[in-house]
Amino acid sequence: MHEGGRPLQVIVTITGEASVRVQPTGGLDASTSGLFAAVLSDTYFQGCTAITVDLGAVTSCDEAGVDVIVGADSYVESCGKSIEFVEAPDWLAARLRDAGLRRSATRHSAST
């Protein structure tokens with residue numbers, strides 16, 4: 001059972017010709033991070049060049065979830081594509097900074 005109290009759902013919205021907004025909702029932990037990683041991977045390999053990840057509805061996030069977020073950031077950027085993390089609650093933004101996320105994921109950085 002995941003920590004978040006409710007199952008993870010991931011909503012993917014096409015926002016442009018090669019851009020998407022990915023929004024995980026619920027707990028992002030060891031039992032759900034594989035699903036989240038698969039969705040991020042699918043959007044990347046479908047030809048999306050700009051991925052916005054809206055973290056505003058994440059209710060909990062353990063080390064596995066943090067690893068997926070930080071790993072996706074490093075991988076997508078190394079491939080010359082764009083990934084942005086927005087709307088993270090303060091507690092999650094702090095965890096991501098501590099884990100080495102190179103850019104802010106706080107609420108004030110949101111963009112569409």
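Quick one: length gained pulling Y75 to Q9 fully straight, 0.36 nm per residue minus the C-alpha distance? Before the final figure, lay out each step's value.
Details: separation 66, 0.36 × 66 = 23.76 nm, distance 2.28 nm.
That works out to 21.5 nm of additional length.
Counting alpha carbon pairs within less than 8 Å and at least 6 residues apart, what relative contact order, in whole percent, applies to the chain?
Working: 209 pairs, mean separation 26.4, N = 112.
Worked out over the chain, it gives 24 percent.
Assuming 1.306 mPa s and 10 °C, estimate D for the chain with Stokes-Einstein, Rh taken as the Kirkwood radius over Cα pairs, in µm²/s. All intermediate terms of the calculation are to be shown ahead of the outcome.
Details: Rh = 13.7 Å.
After rounding, the answer is 116 µm²/s.
Mean Kyte-Doolittle hydropathy of -1.0 or higher plus an axial Cα length of 15 Å or more: which whole DSSP H helices in the chain meet both?
Values: long enough: 33-45 (18 Å, 1.04); 63-78 (22 Å, 0.45).
Flagged H segments are 33-45, 63-78.
Throughout, read-outs are computed from the coordinates displayed, never taken from laboratory work. Since this is a predicted model, take the numbers as computed values, not measurements.
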